[in-house]
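Everything on this sheet refers to the single structure shown next.
The values are calculated or read from the model by the stated rules, or taken from the named source; none is laboratory data. A quick note: this is a predicted structure, and the numbers were derived from the prediction, not measured. Cβ coordinates were reconstructed from backbone atoms using ideal geometry, including for glycine residues, and neighbour counts include every protein chain displayed.
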2 protein chains.
Amino acid sequence: MKKHNFSAGPSILPPEVLLQASEAVLNFNDDNLSLLEISHRSKPFVDVMEKARALVLELLNLEGKGYKVLFLQGGASTQFLMVALNLLEKRAGYLNTGSWSDKAIAEAKIYDDIYEVASSKEAKYNYIPKGYDIPSDYDYFHCTSNNTIFGTQMKEFPKCSIPLICDMSSDIFSRQLDFTKFDLIYAGAQKNMGPAGTTLVVVKEDILGKVSRKIPSIMDYKVQISKSSMYNTPPVFAVYTSMLTLEWLKNLGGIQAIEKVNDIKARLMYSEIDLNPLFKGYASKGDRSFMNATFNLINDDLKETFDTMCREGGISGLNGHRSIGGYRASMYNALPLESVQVLVEIMSELETKA
Amino acid sequence: MKKHNFSAGPSILPPEVLLQASEAVLNFNDDNLSLLEISHRSKPFVDVMEKARALVLELLNLEGKGYKVLFLQGGASTQFLMVALNLLEKRAGYLNTGSWSDKAIAEAKIYDDIYEVASSKEAKYNYIPKGYDIPSDYDYFHCTSNNTIFGTQMKEFPKCSIPLICDMSSDIFSRQLDFTKFDLIYAGAQKNMGPAGTTLVVVKEDILGKVSRKIPSIMDYKVQISKSSMYNTPPVFAVYTSMLTLEWLKNLGGIQAIEKVNDIKARLMYSEIDLNPLFKGYASKGDRSFMNATFNLINDDLKETFDTMCREGGISGLNGHRSIGGYRASMYNALPLESVQVLVEIMSELETKA
């Protein structure tokens, strides 16, 4: 049976990417060797790394604008640390919009003073705070563009005279933004870019080298830039599969094209949540995420019936995060519109039945 | 043409492992979903992680002896840092046997005082220092069991009253040792265990929690243990493929069985290096690595001929590391004896020709 994979991450990847990745594990570059058993310094893999970097800059429209692209290890959680190690000298401002922001704040606090410019923690993060001030003498301002767990997404980014740092793990490459507004973007690969195991960092080079602490080599963006992400052995398979996904997106027409599809998927999903009297959305309407729609059954007695209908319809990965429960439909780039149609149909069938 | 893959790392993996890994990228666990697109908290993947952990303890004969197994990201280079962050309070002793030890020392120095108990740097690391003292009031002693670049390997480990920490990246699972002597072992996967992208840590739990510094969560062994290596999303594919390789090794008869094959491969290789007048070995005889044989042509005029013969024989990855040049035959667990036979035959043919 065809699966409709709404998993929040690691999440669905395009079938053609999976096919190419699977083939490369057996025979890469028609060289009778697996991608997994060649040197990362061999030309075929160096080419992969360079192509992946170039595709990132092209898709984000950041070519020739002073940005460097890194493919690192350790997930966004390691970036919580690296951002502070590389950029925090005295004080930084953080917007607290969910569990990930909260963790980013906790890690950075080890190194220096952190100021929460605003937080929606008291409302279990069901909205994005607005109208806060960012002091102009801070080292940087940090925010999370999309909150997978709570299903909220920043629609506007603050005007900011200090470096703007954004964790875009769960919505990068999904919508058009003026990416030149950001000085550092990071994203774990496992939503819109590839398999778990690599983390994308896009950094404006001129913000680096300004802190006084001694940064461990592997955590130093400048070292990683000087070594083209190969200070040590990179996660070869994850980088290759990310490159394939970026190529897939480019061939599809880039972010502009995928944004249209993402827009249709999200509208369809939220329209069902709002019109169907059996469900209610979790996030504040104006801040709803186009990647992760979070919703609940109003009457929990229907849970077993709904879950069974979903399972029988091939719906997979729809459970909400354990911290808020309910349901979460993650609609990343690779999720076909058809999958949302199937889910919406099941929700609507439930209404007829109930 | 069949390739004989002597790559120093990422390196050869068993064909059956590659086949299973390739299949899992398309359809994992017969569930019509790719291994890359399922939640790392789903039962099928949690089972993989548990199985991988259990196999490590079983193969190293460390079951029920107070050790915990972690699969992390960031390579051994990140462990240089984590070891110091978690264990270094005042002063530690390091044995400097090559580039990796040297880097481990440099990273640890950021955090506290490091004392080199001995070093072979002055001899371009062509031997393993012996007869040094390890002060009993240090926090720990750190060594590198095998030096890929220089082709040396520790045959004995010092008696040590303080925690013994060992980077076994390039020879773990290749030979029988009394692993209970070690308090912490770490190893990047990409030699004997799996693809690049995950790092194995085996740690005796009772050495942890003794430093006064605040350790960043992602760098804290205790946090990683409490979250079963899932503090954040693990490198799913690399962990799965490592589990397959560990399973392959177990089915083969474990370390005891593979050690016999590794012994034959190494003897065959070194005997050709020593008997063939055209070649000379790089490493001091008593310290020769059974994983990486480093050697040079005595007359460099033969280089082109030898390289061509190797290429035509399907030999791949034989170049020495750029820092010492020459040749390096890496003979990791998955390299068949046949490949060494083919290489030795070519070396011997060269002698006939020259």
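What about B:Asp30, is it of a type in the set (D, E, K, R), at pLDDT below 95 and under 30 Å from A:Gly9 (Cβ atoms)? Give the derivation first.
Values: of a type in the set (D, E, K, R): yes; at pLDDT below 95: yes; under 30 Å from A:Gly9 (Cβ atoms): yes.
Answer is yes for this residue.
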* Structure fact -> Of the conditions (1) assigned to a strand (DSSP E or B); (2) within 14 Å of chain A (Cβ to nearest Cβ); (3) charged (D, E, K, R); (4) surrounded by fewer than 19 Cβ atoms within 10 Å (Cβ to Cβ), the single one that B:Arg328 does not satisfy is (4)
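For the condition free of Cβ contacts under 8 Å to residues at least 40 places away in the same chain, away from every other protein chain (no Cβ under 14 Å) and surrounded by 18 or more Cβ atoms within 10 Å (Cβ to Cβ), what is the one hit in A:Tyr231, A:Tyr270?
Numbers: A:Tyr231 fails: away from every other protein chain (no Cβ under 14 Å).
Of A:Tyr231, A:Tyr270, the one residue that is free of Cβ contacts under 8 Å to residues at least 40 places away in the same chain, away from every other protein chain (no Cβ under 14 Å) and surrounded by 18 or more Cβ atoms within 10 Å (Cβ to Cβ) is A:Tyr270.
Here are some residues: B:Val83, B:Val56, B:Val25. Which one is at pLDDT 95 or above, over 13 Å from B:Val201 (Cβ atoms) and aliphatic (A, V, I, L, M)? Lay out the reasoning, then the answer.
Values: B:Val83 fails: over 13 Å from B:Val201 (Cβ atoms); B:Val56 fails: over 13 Å from B:Val201 (Cβ atoms).
Testing whether each residue is at pLDDT 95 or above, over 13 Å from B:Val201 (Cβ atoms) and aliphatic (A, V, I, L, M) leaves just B:Val25.
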* To do: Considering (1) among the charged types (D, E, K, R); (2) more than 22 Å from B:Phe45 (Cα to Cα); (3) surrounded by fewer than 14 Cβ atoms within 10 Å (Cβ to Cβ), say which one A:Arg311 fails and leave the rest.
  => (2)
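Looking at the structure I just gave you, is B:Ser11 within 23 Å of the chain's Cα centre (by Cα), within 10 Å of chain A (Cβ to nearest Cβ), modelled with pLDDT of 95 or more and surrounded by 22 or more Cβ atoms within 10 Å (Cβ to Cβ)? Don't jump to the end; show me each part of the working.
Working: within 23 Å of the chain's Cα centre (by Cα): yes; within 10 Å of chain A (Cβ to nearest Cβ): yes; modelled with pLDDT of 95 or more: yes; surrounded by 22 or more Cβ atoms within 10 Å (Cβ to Cβ): yes.
Yes, satisfied.
Report whether or not B:Leu297 is free of Cβ contacts under 8 Å to residues at least 60 places away in the same chain, in contact with a Leu (Cβ under 7 Å, 6 or more places away or on another chain) and buried (at least 17 other Cβ atoms within 10 Å of the Cβ). Break it down stepwise before answering.
Working: free of Cβ contacts under 8 Å to residues at least 60 places away in the same chain: yes; in contact with a Leu (Cβ under 7 Å, 6 or more places away or on another chain): yes; buried (at least 17 other Cβ atoms within 10 Å of the Cβ): yes.
Answer is yes for this residue.
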* Which number in (1) within 18 Å of A:Asp220 (Cβ to Cβ); (2) away from chain B (no Cβ under 11 Å); (3) under 16 Å from the mean Cα position of the chain (by Cα) marks the one condition that A:Val56 misses? -> (1)
* Asked: Is it true that B:Tyr221 is farther than 26 Å from A:Arg41 by Cβ, facing chain A (nearest Cβ under 9 Å) and among the aromatic types (Phe, Trp, Tyr)?
  -> no
* Asked: In region A:18-43, which residue that is more than 21 Å from B:Ala189 (Cα to Cα) and more than 9 Å from chain B (Cβ to nearest Cβ) is surrounded by the fewest Cβ atoms within 10 Å (Cβ to Cβ)?
  -> A:Asp30
* To do: Using the structure shown, decide if A:Arg213 is in contact (Cβ under 8 Å) with a residue 40 or more places away in the chain, outside any helix (DSSP H, G or I) and farther than 27 Å from A:Glu89 by Cβ.
  => no
* Asked: Can you tell me which of B:Gly317, B:Gly286, B:Gly254 is surrounded by 15 or more Cβ atoms within 10 Å (Cβ to Cβ) and either β-branched (Val, Ile, Thr) or more than 14 Å from every other protein chain (Cβ to nearest Cβ) (or both)?
  -> B:Gly254
* **Enumeration of residues in region A:152-187 that are among the β-branched types (Val, Ile, Thr) and assigned to a strand (DSSP E or B)** => A:Thr152, A:Ile165, A:Ile185
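Hey, could you check region A:191-210 for residues that are charged (D, E, K, R) and in a loop (DSSP other than H, G, I, E, B) and say which is nearest to the other protein chains (Cβ to nearest Cβ)?
Quick first cut of region A:191-210, residues charged (D, E, K, R) only: A:191, A:204-206, A:210.
Narrowing further to those that are in a loop (DSSP other than H, G, I, E, B): A:191, A:210.
Working: A:Lys191: 10, A:Lys210: 18 Å.
Top of the filtered list is A:Lys191.
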* To do: Can you confirm whether region B:75-85 contains a residue that is within 13 Å of another protein chain (Cβ to nearest Cβ) and closer than 14 Å to B:Leu246 by Cβ?
  => no
